[in-house]
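Chemist: Just dropping this structure here.
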């Protein structure tokens, strides 16, 4: 059942912190598991930027990871992981090698350099700041909106930034039955998609490309545009070739107190890409670096297929939360700031 209070921090042993630079329109988000978590990952997009995600693979020597970092700043943002590692090392958190404790910190980035200042990017100092925020906010629900890794996030970029809308950080959580009691599935998503955001159940467009007034299109200016249906027509006009850059990516972290092996966590990450594909249209393009991480912290056994169905729905809810919680930044309007007559969901063609 749906519980709006459920976020990643509803799970015992999971902390989440954001660091935000609104002036540069960028930031990072850190998910910390001080006692470690079984992890899996699936990369669905063609423009991914990552660090140490091999530690999530079945068969890797390290059995648990200690944090996941999501960052803006494109590849420059991978520097945040160094600051997270140093912060966690000082707290004695990490994989014990005998000589040192090494925090295992898989990381992924999204591209937001085109919105704010491309010269100011997330770095190790910002990563450490997000860690401090995570420990300070222990037990509190995770904040949504234009903050952390979602600060400079945007969606619906088939016409470029002038036709885009704001994305951001979204959160969602569900409970599902298991033989040993209720299991929590919580999702955090940093939504910075090339495509439109779609309602998981109805298929209606919630947020996305706004047809710019100087484009000769049949769509009213600033009305949501069906990116998927219009892609072929726009390609014929050369719009895609002229305007689309690798300025996208949706990053998702799924966490559960169900007990999963690394093989099962990897499978759940792959399944949850279906939830993302049902929530973003088009999804997994060569312009997106879409990635899903899965974290398992608990001991309750659950049917993996049932867990996948629940987790996919939670992914869809988190994607919607990202665009409904976002705020206007650097001239890119948020859904909440558009007149109601212009922001109504349009049916998928």
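The values are calculated or read from the model by the stated rules, or taken from the named source; none is laboratory data. What you are looking at is a predicted structure, and each value in this text was computed from that prediction instead of being measured. Positions of Cβ are backbone-derived with ideal geometry, glycine not excepted, and every protein chain shown enters the neighbour counts.
Chemist: Of the residues 142, 84, which single one is buried (at least 16 other Cβ atoms within 10 Å of the Cβ), at pLDDT 95 or above, touching a helix residue (DSSP H, G or I) at 6+ places or on another chain (Cβ under 8 Å) and not in a loop (DSSP other than H, G, I, E, B)? Let's see the steps before the verdict.
Modeler: Working: 142 fails: not in a loop (DSSP other than H, G, I, E, B).
The conditions single out 84.
Chemist: Within region 102-120, is even one residue in a helix (DSSP H, G or I) and closer than 16 Å to residue 37 by Cβ? Let's see the steps before the verdict.
Modeler: Step one: list which residues in region 102-120 are in a helix (DSSP H, G or I), which gives none.
No, region 102-120 has no match at all.
Chemist: Which condition number does residue 306 fail, the rest of (1) part of a helix (DSSP H, G or I); (2) touching a helix residue (DSSP H, G or I) at 6+ places or on another chain (Cβ under 9 Å); (3) surrounded by fewer than 21 Cβ atoms within 10 Å (Cβ to Cβ) being met?
Modeler: (2)
Chemist: Inside region 72-81, can you point out the residues that are assigned to a helix (DSSP H, G or I) and surrounded by 24 or more Cβ atoms within 10 Å (Cβ to Cβ)?
Modeler: Step one: filter region 72-81 for residues assigned to a helix (DSSP H, G or I), giving 74-81.
Of everything in region 72-81, those that are assigned to a helix (DSSP H, G or I) and surrounded by 24 or more Cβ atoms within 10 Å (Cβ to Cβ) turn out to be 77, 80, 81.
Chemist: Turning to a different aspect of this structure: From 204, 223, which residue is modelled with pLDDT of 55 or more, more than 26 Å from residue 68 (Cα to Cα) and in contact with a strand residue (DSSP E or B) (Cβ under 8 Å, 6 or more places away or on another chain)?
Modeler: 204
Chemist: Using beta carbons and a limit of 9 Å, which pairs, at least six apart or on different chains, have the first residue in region 6-23 and without any contact (Cβ under 8 Å) to a residue 60 or more places away in the chain and the second one buried (at least 24 other Cβ atoms within 10 Å of the Cβ)?
Modeler: Filtered contacts from region 6-23: no entries.
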